[in-house]
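J.: Dropping a structure here in structure tokens format, bear with me for questions.
Every number in this text was worked out from the coordinates using simple rules, so none of it is lab data. Note that the structure is a prediction, hence the values are computed from the model and not measured. Here Cβ is always computed from backbone atoms with ideal geometry, including for glycine, and neighbour counts include all displayed protein chains.
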Amino acid sequence: MSDVETLFAALRQAADAEAVGAIEVVVRNGLDRELNRINVLAFAGQHELDEEMTIAAFLHAARLGIFEMTWNVLCPGCGGVLDTGASLKGVVHDTYHCGLCAAGYEPTLDEMVEVTFTVNPRVRRIAAHDPDLLSPVEYYRQMFFSSGVDLPDDLEQKLAPIMLEMIDLSPGERAFVSLQLPAEFVIIFDAVTHSAQFIDVKGEPTSERQNLSFIVSQGHALNETVVLRPGALRLSLENNTDRRVVPNVCIASDALHDLLGHRRPFLTAKRLLTNQSFRDIYRTDTLDVDQRLKITSLTFLFTDLRGSTALYERVGDMAAFDLVRAHFRVLHDIVASETGAVVKTIGDAVMASFPSPDRAVAAALRMRQAMMRLNAEHGADDLLLKIGIHEGSCLAVSLNDRQDYFGQTVNIASRVQGLADPDIIMTTEAVVGDARVSEILRERNISSVSRIAELHGIDQRVRVFALS
């Protein structure tokens, strides 16, 4: 058995058979570009696979060494990759600047960091493993643009009407290009260094040749916009870096915006951090201890067992321990099946995160039913589960050698749980105001009663909703 066959045999033991089968086919027979920065959600859709099982399969495959996982910081405007690393530990800047869009962005894990998978060169070598050997167009497709930009197969043909020039420059090389400038806004941009020059072409056409120099350097340089007139341009392009660059001259027209405007969902860092398989596989490899990465929206669910101390006294340590352990197993399975992840357990309490409020509410309703079943099987109402849910912004941090969350959203979710009764799920306005949550409550005939509550340690009073 070859090394690759051994790896896939191990993967079949760890992950969903259908997902593994699809992965094995594309690794063996797919085009090179299909194995570079794989968009897992698009892969699942293309092969009609369950998204969560597909994510888990790729995570296990990365752990086995079949794929290399990359975390890419994206420009929200053009979808370009501004930075890339092997883990979230590489996201170290407070602001990332896009030369193509001439804008700076504070990185958030919701939509600005994607997670992609590239086949390991020991499994199969592809062109993108040597990106400097890719054609200029393929470099833009495979290395600059994120997996969320849905670029067409005939990208070169689509670029032809708006691309005045694209050139390949070796280190230290200089070239001269003659162009005819249209009365449009024109951008000179290099996808390797992100150097850019904007040209506002306006006024009366000129018969005199105009001259412009564009020097590609390592500093992601953005030069001030220059104003030129329609007509002939002699452009000097110079590569002052130690690697090959691929500058292009394009018209910033509606056609360009339309080409880059075709987007598709991608695996965000936020979604992966709330994935139970990821937390189980990559327990301590996510963040550095000093990192604080912003998530603009995450939903937290807290649970706790009411009267657990009395339970131990009533039924004894062994029986109580078995009951509590069974309750943890049930909660863990429900959280994972609703695309959430258990962040930590504290005594008999659970802290879980979900990518959206509706998944947290769906999990809470299932938890309530599951505790009723466990109690019925046990013949006593010993497992009295209190549940609280809140949604908002937070920071992803590393605490006690584990990936955790910090902020007022977490505090409020914990305090809301403290207001709950075993048969009542407590939420906040941020949760019940979600359209998908409203649909769940309506479909399941769940009533909600609101009141204003004071939460310990929280300055402002909070409107809470009791779901029964």
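J.: Modelling each spin label as a point 7 Å along the Cα-to-Cβ direction, I'd like the Ala17/Thr296 distance in nm, to one decimal.
T.: Each label point is offset 7 Å from its Cα along the Cβ direction, giving 4.3 nm.
J.: Compute the relative contact order of the chain as a whole-number percentage, counting only Cα pairs closer than 8 Å that sit 6 or more residues apart in sequence. Before the final figure, lay out each step's value.
T.: Values: 948 pairs, mean separation 56.9, N = 468.
After rounding, I find 12 percent.
J.: Something else: Counting Lys +1, Arg +1, Asp -1, Glu -1, what net charge surrounds Glu5 among other residues with beta carbon under 15 Å of its beta carbon? Working shown, then result.
T.: Values: positive: Arg12, Arg28, Arg122, Arg124; negative: Asp3, Glu24.
In short, +2.
J.: Between Ser217, Phe321, Ser87, whose Cα lies farthest towards the positive end of the dipole of the chain when Lys and Arg beta carbons carry +1 and Asp and Glu beta carbons carry -1, centred on the Cα centre?
T.: Most positive-ward Cα: Phe321.
J.: Here's a follow-up. For Lys89 paired with Glu165, estimate the spin-label separation in nm (one decimal), with each label point 7 Å from Cα along the Cα-to-Cβ line.
T.: For the pair Lys89/Glu165, the computed spacing is 4.4 nm.
J.: How high is the relative contact order of the range 305-455, given as a whole-number percent (alpha carbon pairs under 8 Å, six or more residues apart)? Let's see the in-between values first.
T.: Numbers: 188 pairs, mean separation 30.2, N = 151.
Once divided by the residue count of the range 305-455, the mean separation gives 20 percent.
J.: Also, quick follow-up: For the range 287-467, give the magnitude of the charge dipole about the Cα centre (Cβ charges: +1 Lys/Arg, -1 Asp/Glu; no others), in debye to the nearest 20.
T.: Details: 20 positive and 24 negative charges, 69 e Å.
With only Lys, Arg, Asp and Glu charged at Cβ, the dipole is about 340 debye.
J.: Residue by residue through the range 85-97, which ³J(HN,Hα) values in whole Hz follow from phi under the Karplus form 6.51 cos²θ - 1.76 cosθ + 1.60 (θ = phi - 60°), with glycine and proline marked x?
T.: x, 7, 7, 5, 4, x, 8, 10, 9, 6, 9, 10, 10
J.: Can you list residues from other chains, or at least 5 along the same chain, whose modelled amide H is less than 5 Å from the amide H of Ile425?
T.: Leu467
J.: Another question about this same structure. Rounded to the nearest 5, what is the percent of antiparallel bridges among the DSSP beta bridges in the chain?
T.: 85
J.: Under the classification rounded if a/c is under 1.5, otherwise prolate if a/b is larger than b/c and oblate if not, where does the range 287-467 fall, given a ≥ b ≥ c as square roots of the Cα gyration tensor eigenvalues? List each step's numbers first, then the result.
T.: On the way: a/c = 1.64, a/b = 1.23, b/c = 1.33.
Oblate, since a/c reaches 1.5 and b/c is not below a/b.
J.: Quick one: pull the percentage of alpha-carbon pairs in the chain with a separation above 37 Å.
T.: Details: 43508 of 109278 pairs.
Above the 37 Å cut-off, the chain has 40 percent of its Cα pairs.
J.: I'd like the Karplus ³J(HN,Hα) series for the range 365-371: coefficients 6.51, -1.76, 1.60, θ = phi - 60°, whole numbers in Hz, and an x wherever there's a Gly or Pro.
T.: 5, 5, 4, 4, 5, 5, 5
J.: Once fully extended, how much extra length lies between Ile215 and Asp421, figured as 0.36 nm per residue of separation less the alpha-carbon to alpha-carbon distance?
T.: Values: separation 206, 0.36 × 206 = 74.16 nm, distance 6.68 nm.
Going from the current span to full extension adds 67.5 nm.
J.: Here is a follow-up. How large is the charge dipole for the range 3-146, taken about the Cα centre, if only the Cβ atoms of Lys, Arg (+1) and Asp, Glu (-1) carry charge, to the nearest 20 debye?
T.: Working: 10 positive and 21 negative charges, 93 e Å.
For the range 3-146, the charge dipole is close to 440 debye.
J.: Taking only Cα atoms, what is the 0 to 90° angle, nearest 10, from helix 317-337's long axis to the longest principal axis of the chain?
T.: 30
J.: Are there cysteines in the chain with no other Cys C-beta under 4.7 Å, and if so, which?
T.: Flagged as lacking a Cys partner: Cys78, Cys250, Cys394.
J.: Given the rule -39500 (n - 2.57) for each run of at least 4 DSSP H residues, summed and divided by the residues of the chain, what is its mean residue ellipticity at 222 nm, to the nearest 500 deg cm²/dmol? Show your work: numbers first, answer last.
T.: Details: 15 runs with 148 residues, N = 468.
One gets -9000 deg cm²/dmol as the mean residue ellipticity at 222 nm.
J.: Now a separate question. Using alpha-carbon pairs under 8 Å, 6+ residues apart, how would you state the relative contact order of the range 367-468 in percent?
T.: Values: 158 pairs, mean separation 25.0, N = 102.
Answer for the range 367-468 is 25 percent.
J.: Spin-label point model (7 Å from Cα, Cβ direction): what's the Leu31 to Glu224 distance in nm?
T.: Using points 7 Å along Cα→Cβ, the separation is 4.4 nm.
J.: Antiparallel as a % of all DSSP beta bridges within the range 81-234, to the nearest 5? It would help to have the intermediate numbers written out before the result.
T.: Details: 12 of 20 bridges.
The antiparallel fraction comes to roughly 60 percent.
J.: Which residues' amide hydrogens lie under 5 Å from the amide hydrogen of Phe145, considering only partners 5 or more residues apart or on another chain, with H built in the peptide plane?
T.: Residues meeting the amide H criterion: Val81.
J.: Another one. So, in Å, what gap is there between the alpha-carbon centers of the range 209-271 and the range 426-441?
T.: With the range 209-271 and the range 426-441 each reduced to a Cα centre, they are spaced 44 Å.
J.: Whole Å is fine, so just give me how far the alpha carbon centre of the range 362-378 lies from that of the range 1-59.
T.: Between the Cα centre of the range 362-378 and that of the range 1-59, the gap is 35 Å.
J.: Could you give each residue of the range 383-396 its phi-based ³J(HN,Hα) in whole Hz, using Karplus coefficients 6.51, -1.76, 1.60 with θ = phi - 60°, and x for Gly or Pro?
T.: Ordered by residue, 3J(HN,Hα) equals 9, 9, 9, 9, 10, x, 9, 8, 10, x, 7, 6, 10, 7 Hz.
J.: Also, quick follow-up: Might you report the magnitude of the Cβ-based charge dipole of the chain about its Cα centre, with Lys and Arg at +1 and Asp and Glu at -1, to the nearest 20 debye? Walk me through the numbers on the way to the answer.
T.: Numbers: 44 positive and 64 negative charges, 119 e Å.
I would put it at about 580 debye.
J.: Let me ask another. Please determine, in degrees from 0 to 90 and to the nearest 10, the orientation of helix 17-29 with respect to the longest principal axis defined by the Cα atoms of the chain, where the helix direction is its Cα long axis.
T.: 20
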